[in-house]
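Chemist: Got a structure for you, questions after.
The values are calculated or read from the model by the stated rules, or taken from the named source; none is laboratory data. The shown structure was predicted, so the numbers you read here are calculated from the model rather than taken from an experiment. All Cβ positions, glycine included, derive from the backbone under ideal geometry; neighbour counts span all protein chains shown.
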Amino acid sequence: MTVGRIAVVGASAAGLAAVEALRRGGWSGELTLVGDEPHLPYDRPPLSKQLLSGDWETDKLGLRTAEQLDALNMDVRLGTKATALDAGTRTLTLDDGDRLATDGVIVATGVRARTLPGLARLDGVHTLRTLDDALGLRTWLSGAPRRLVVAGNGVLGCEAAAVARELGHEVTLVGRDPLPMGRLVGDGVGALLAAEHERHGVRQLTGGLDGVETANGRVTGVRLADGGTLEADTVLLAIGSEPAVDWLRADAALDTADGLRCDEYCAAAPGVYAAGDVARWYHPGHGRHLRIEHRMNATEQAMAAAKNLLVELGVSQDERRPFTPVPYFWSDQYGMKLQAYGVLAGADRAETVLLDKEQRQVAALYGRDGQATGVLAAGLPPRQIRGLRAVIATPGPWEEAHQRLLAAVGAE
């Protein structure tokens, strides 16, 4: 019998998937969705691509209409932050002073963009995490050519640099790693990406930012960690993210080191579950805790967390099931699409197969401790991409997976 309340914190893709799964799963009690942004749930991947380029407007980002959300019969609290959670009593405190007694909580607060001290209020300095961030940067890039410095050559920095260059701006990509996305994709794919950015006129430097030069409160240049300087009127800080768990740290029962630590069922404590970028859960197939900042994972994990919470509350007569996905992510840069399955981060071995240099077709295998854990492809047709997923559906011995990879891409 469902007479109480479940609260989902985070009006994100994960939060939306969670509330929908709760209603589908039979929860007929009160349902509260809390979001710190003033916007209804929207899709984040297009922020650094279609929205930033101007190809899309904001109306294409919405994941559901207001009418569709109304049909879920929810108490929606937008522009509201959760400030504390008492895991023992499942009591949620909001920044407006309201305290919500709940039967269960799903944490889907995602991550926040890292910044550098003293730069947040400067004209011309941007981050790119929220819809408002993207619109602010797009405004700067929509007029005369800019001198843009992108600090950070991970996925976000590379995607934004590609869009800005295609818009005709002068772009310098400054990364701590020698190759774009190198820490994630390894040297082989990283070198391919470096060549692609160079081909499109992006200047690439290794190192970090030490600060910015200003005049009258506006950016005029950046100081590099090696002592050099660059002229710039626009700076994008794409230097990583931090799980949004500050509001949870007062409760000693919750482990908030690198996200909210959960078990294989996505439970952080009795009646408290997590999903999406904020969740660090135990993946039985990989034998370790993972935290994955990918769009598909957010939706899949939210549905799994909701189902397991309903089992715990006695709403569902099913049994709790471990969340054991094959993670997937993609990145679009210029005309090249990267797609990956499994876990690439933390690999101690990577091997790249260059299939066609002119067409920029490549496949790569990633592993850890003798086990193959992830695959990546660029420029391959859908049939071969689907074949690569099968290679890594379950982590297995490196040599066996390597042979299957070569067979899947026709490179035996």
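Chemist: For the stretch 59-119, which fully contained strands (runs of 3 or more DSSP E) count at least 3 residues that are crowded, with 19+ Cβ neighbours inside 10 Å and either touching a Lys or Arg at 6+ places or on another chain (Cβ under 8 Å) or assigned by TED's automatic domain parsing to the domain that holds P41 (or both)?
Modeler: 104-107
Chemist: Another question, then. Is there a residue being closer than 25 Å to P45 by Cα and of a type in the set (G, A, S) anywhere in the stretch 398-412?
Modeler: Going through the stretch 398-412, the residues closer than 25 Å to P45 by Cα turn out to be none.
No, the stretch 398-412 has no match at all.
Chemist: Just to be sure, is L51 crowded, with 24+ Cβ neighbours inside 10 Å and under 25 Å from K337 (Cα atoms)?
Modeler: Yes: the conditions hold for L51.
Chemist: Let me ask something else about it. Just checking, how many residues over the stretch 19-56 are in a loop (DSSP other than H, G, I, E, B) and closer than 18 Å to D75 by Cβ? If you could, list the steps in order and put the result at the bottom.
Modeler: In the first step, residues of the stretch 19-56 are kept if they are in a loop (DSSP other than H, G, I, E, B); the result is 25-29, 36-41, 43-44, 49, 54-56.
Adding the requirement that they be closer than 18 Å to D75 by Cβ leaves 27-29, 36-41.
Qualifying residue count for the region: 9.
Chemist: Can you go through D210, D233, D263 and tell me which one is under 27 Å from T91 (Cβ atoms) and either surrounded by fewer than 18 Cβ atoms within 10 Å (Cβ to Cβ) or over 20 Å from the mean Cα position of the chain (by Cα) (or both)?
Modeler: Being under 27 Å from T91 (Cβ atoms) and either surrounded by fewer than 18 Cβ atoms within 10 Å (Cβ to Cβ) or over 20 Å from the mean Cα position of the chain (by Cα) (or both) holds for just one of D210, D233, D263, which is D263.
Chemist: I'd like to know if the stretch 243-257 contains one or more residues that are in a strand (DSSP E or B), surrounded by 19 or more Cβ atoms within 10 Å (Cβ to Cβ) and within 21 Å of the chain's Cα centre (by Cα).
Modeler: Within the stretch 243-257, one or more residues are in a strand (DSSP E or B), surrounded by 19 or more Cβ atoms within 10 Å (Cβ to Cβ) and within 21 Å of the chain's Cα centre (by Cα).
Chemist: Being closer than 18 Å to A215 by Cα and not basic (K, R) is the filter here; which residues of the stretch 117-155 pass it?
Modeler: P117, G118, L119, A120, L122, D123, G124, V125, H126, W140, L148, V149
Chemist: Determine if the stretch 336-344 includes at least one residue that is closer than 28 Å to V105 by Cβ and buried (at least 17 other Cβ atoms within 10 Å of the Cβ).
Modeler: yes
Chemist: Take the stretch 19-44 and flag every residue that is surrounded by fewer than 20 Cβ atoms within 10 Å (Cβ to Cβ) and of a type outside the set (D, E, K, R).
Modeler: G25, G26, S28, G29, P38, H39, L40
Chemist: Further question on the same structure: Select from the stretch 313-328 the residues that are more than 28 Å from the chain's Cα centre (by Cα), on the phi < 0 side of the Ramachandran plot and surrounded by fewer than 21 Cβ atoms within 10 Å (Cβ to Cβ) and list them in ascending order.
Modeler: L313, S316, Q317, D318, E319
Chemist: Sort out which residues of the stretch 258-267 are assigned to a loop (DSSP other than H, G, I, E, B), farther than 24 Å from G314 by Cβ and out of contact with any helix residue (DSSP H, G or I) (no Cβ under 6 Å at 6 or more places or on another chain), and write them in order of number.
Modeler: Matches in the stretch 258-267: D258 only.
Chemist: Right, something else. Let me confirm something: among A164, A108, which residue is modelled with pLDDT of 95 or more, under 20 Å from the mean Cα position of the chain (by Cα) and of a type in the set (G, A, S)? Lay out the reasoning, then the answer.
Modeler: Details: A164 fails: under 20 Å from the mean Cα position of the chain (by Cα).
Answer to the selection: A108.
Chemist: Name every residue in the stretch 184-204 that is crowded, with 18+ Cβ neighbours inside 10 Å and within 22 Å of L237 (Cβ to Cβ), in order of residue number.
Modeler: Residues satisfying the conditions are L184, V185, G190, L193, A194, H197, V202, Q204.
Chemist: So if I check each of R321, R223, R295, which one is touching a Leu at 6+ places or on another chain (Cβ under 8 Å) and either in the same structural domain as G211 (by TED's automatic domain parsing) or in contact (Cβ under 8 Å) with a residue 24 or more places away in the chain (or both)?
Modeler: It is R223.
Chemist: Something else: Only residues that are within 29 Å of E159 (Cα to Cα), of a type in the set (F, W, Y) and touching a helix residue (DSSP H, G or I) at 6+ places or on another chain (Cβ under 6 Å): list them for the stretch 281-338, please.
Modeler: Across the stretch 281-338, the qualifying residues are Y328, Y334.
Chemist: What is the one condition in (1) surrounded by 13 or more Cβ atoms within 10 Å (Cβ to Cβ); (2) over 15 Å from G188 (Cβ atoms) that E400 does not satisfy?
Modeler: (1)
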